[in-house]
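Below: the structure, in C-alpha cells.
The values are calculated or read from the model by the stated rules, or taken from the named source; none is laboratory data. Small disclaimer: the values here were computed from a predicted structure and weren't measured. Here Cβ is always computed from backbone atoms with ideal geometry, including for glycine, and neighbour counts include all displayed protein chains. Heavy atoms of the whole protein, side chains included, go into the accessibility calculation; ligands, DNA and RNA do not. Shrake-Rupley method; radii C 1.70, N 1.55, O 1.52, S 1.80 Å.
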Amino acid sequence: MASVRLENLCKTYRGGVVKAVDSVNLDVKDKEFIVLVGPSGCGKSTTLRMIAGLEEISSGNIWIGDKRVNDVPPKDRDIAMVFQNYALYPHMTVFENMAFGLKLRNYPKLEIEKRVNEAAEILNIHRYLGRRPRQLSGGERQRVALGRAIVRKPRVFLFDEPLSNLDAKMRVTMRTEIHKLRMRLQTTFIYVTHDQVEAMTMGDRIVVMKNGVIQQCDEPMNIYDNPANKFVASFIGTPPINLMKGHIFKKDKKYYFDEGKFRVKLVDEMSDILVPYAGKEVVFGIRSEDIYDKLFVSEASPENTIRVTCEVVEPLGSDVHLYLNSGKNSFMARVGAHNRPEVNRDMEVVFDMRKVHFFDPKTETTII
C-alpha cells in the first residue's frame, strides 16, 4: 500500500501552447479511494496515465510512497491499471491473461497458480479460467481485467473509466464489486470516470476537473452541498442543479431574489452575505429535490412560493420529475411518486430557500 502525491503536475502539447493538465496538486492517502471526475477532455485520464508512467510529464513531480517516480518505468512503479477496453489477449485463456504479467516477471509456476486462483475466487470467475475472452460477456471480461490487476498485488490500483462499455444494470453490479474489492484488498485506488453517479457512490473523496485544472477536491456530500463554483454545482448531482439569472433587491429591510417573473425572499443568514450584491445580477441555483408542490407541504408562504406551468411529467417509479416553466426559465422539480399534476396547467411550487446557492455571474465562484 502507498500514498500518491502530485506536485504542480503539468502536461502540455504543441510546444506548451495546449495545457491538458495544468498545475495539479493532489495528495492521495494510503488506502484511500479517490475519484477523478469531469467532462471529456478535462485532463483526468491524462493525469492517471502520467501516474502510471504511460504519459510523459511536462513538468512537476509524482511521488508513490516516499519515492519520486518521474523517471521510473511503468513496470517498476508497483501499480496496476485497469482500462476501459479491458485490453485482454484474445488468443489466451482467462487463466493465461491473468497470469501473463506474473510470467513476464518470472514468478514461480506454483505462485502464479495460487495468485490466479485466489483472484478468480474473489471475482467469482473461477469457472471461466479455461475460456477465451470472446466467450465472455462484457461484465465477465471486466472481471478478468480486474483479476489481472489483483494478481500483481500492487501498491496502487489505477482505473481508467472501467465501466464505460457496460450496460446500466451491469454498471451498478460492477460498482458494487469494486466496492467489495476495495474493502477486501485495503489498498490505494485512483479511479477516473466522467459519470458523476459513479464518483458520488464510490469515492472517499472526489476531484472535479475542468480544462486540466482541479475545481474542487472534497468528500462527495461536501461537494454536493457546498460546491466551489457554478461548474461543480452543475456537474455534480442528478438531475443537474437548476440555474437562473436574476437580481438581488432590498425592500422593507428584507432581501429578495428577483428572477423577472417571480420573487423569493432570502433567509436571514444569506441576506447578510448577499448585501454587497444588492441591485446586481447573480446566478441563482436550486436543486430539483428542494422544490415542492405546494399541495404537499406545510411551510409554504407567499415569500417562497411561485406560480409556474407544468410542461412535462416523468414518472420514474420512486419519484416523479416535473419540467416547469416560470415564463422566463425552464427548470425541474423532483417530487413524490404519487404527485402527478396535470400537464400544461399552472401550479404553485415552494422553494426551500435554506438550501439554495448563489454564484457570481462573472467569476462563477460560489457566493453562498
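A residue that is under 30 Å from Ser326 (Cα atoms), open to solvent by less than 50 Å² (accessible area, probe 1.4 Å) and in contact with a Pro (Cβ under 8 Å, 6 or more places away or on another chain) occurs somewhere in region 226-233. If you go through region 21-48 and keep only what is open to solvent by less than 50 Å² (accessible area, probe 1.4 Å) and among the polar types (S, T, N, Q), you end up with Ser45, Thr46, Thr47.
For first residues located in region 269-294 and touching a residue at least 24 places away in the same chain (Cβ under 8 Å) and over 26 Å from Ile236 (Cβ atoms), partners that are open to solvent by 10 Å² or more (accessible area, probe 1.4 Å) and not in a strand (DSSP E or B) and lie 6+ apart or on another chain with Cβ distances below 9 Å form the pairs Lys280/Pro361; Lys294/Ala300.
Please work out if Gly285 is within 30 Å of Thr201 (Cβ to Cβ) and in a strand (DSSP E or B). Against the criterion (within 30 Å of Thr201 (Cβ to Cβ) and in a strand (DSSP E or B)), Gly285 qualifies.
Which of the residues belonging to region 110-155 are within 17 Å of Ala80 (Cβ to Cβ), open to solvent by less than 50 Å² (accessible area, probe 1.4 Å) and touching a Ser or Thr at 6+ places or on another chain (Cβ under 9 Å)? Pro154, the sole residue that qualifies. Under the condition of being farther than 25 Å from Ser298 by Cβ and open to solvent by less than 30 Å² (accessible area, probe 1.4 Å), which residue from region 344-366 is farthest from the chain's Cα centre (by Cα)? The extreme case among them is Asp360. Looking at region 169-196, which of its residues are open to solvent by 20 Å² or more (accessible area, probe 1.4 Å) and of a type in the set (A, V, I, L, M)? Within region 169-196, Met170, Val172, Met183, Leu185 meet the criteria. In the set Ala80, Ala87, only one residue is touching a residue at least 60 places away in the same chain (Cβ under 8 Å) and touching a helix residue (DSSP H, G or I) at 6+ places or on another chain (Cβ under 8 Å); that residue is Ala80. Quick test for you: out of Arg141, Arg171, pick the one residue that is more than 18 Å from Val35 (Cα to Cα) and free of Cβ contacts under 8 Å to residues at least 60 places away in the same chain. Checking each option against the conditions leaves just Arg141.
Can Val18 be described as aliphatic (A, V, I, L, M), open to solvent by 40 Å² or more (accessible area, probe 1.4 Å) and either more than 19 Å from Gly212 (Cα to Cα) or without any contact (Cβ under 8 Å) to a residue 12 or more places away in the chain (or both)? Yes; evaluated as a whole, the condition is true for this residue.
The rows are residues; the columns are (1) in contact with a helix residue (DSSP H, G or I) (Cβ under 6 Å, 6 or more places away or on another chain); (2) not hydroxyl-bearing (Ser, Thr, Tyr).
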residue: Glu289; (1), (2): no, yes
residue: Glu311; (1), (2): no, yes
residue: Glu314; (1), (2): no, yes
residue: Tyr323; (1), (2): no, no
residue: Gly327; (1), (2): no, yes
residue: Met332; (1), (2): yes, yes
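The residues of region 288-321 that are within 24 Å of the chain's Cα centre (by Cα) and not in a strand (DSSP E or B), listed by number, are Ser288, Glu289, Asp290, Leu316, Ser318. In region 235-248, of all residues being surrounded by 17 or more Cβ atoms within 10 Å (Cβ to Cβ) and at pLDDT 95 or above, the one that is nearest to Ser271 (Cα to Cα) corresponds to Ile248. Scanning region 10-24 for residues that are touching a Cys at 6+ places or on another chain (Cβ under 8 Å) and among the small types (Gly, Ala, Ser) turns up just one, Ser23.
Yes or no, residue by residue, for (1) in contact with a His (Cβ under 7 Å, 6 or more places away or on another chain); (2) farther than 16 Å from Arg263 by Cβ; (3) open to solvent by 60 Å² or more (accessible area, probe 1.4 Å):
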{"site": "Arg287", "(1), (2), (3)": "no, yes, no"}
{"site": "Tyr292", "(1), (2), (3)": "no, yes, yes"}
{"site": "Glu299", "(1), (2), (3)": "no, yes, yes"}
{"site": "Asn304", "(1), (2), (3)": "no, no, no"}
{"site": "Leu316", "(1), (2), (3)": "no, yes, yes"}
{"site": "Asn325", "(1), (2), (3)": "no, yes, no"}
{"site": "Glu342", "(1), (2), (3)": "no, yes, yes"}
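Only a single item in (1) modelled with pLDDT of 95 or more; (2) closer than 28 Å to Val116 by Cα; (3) open to solvent by less than 30 Å² (accessible area, probe 1.4 Å) is not met by Met81, and it is number (1).
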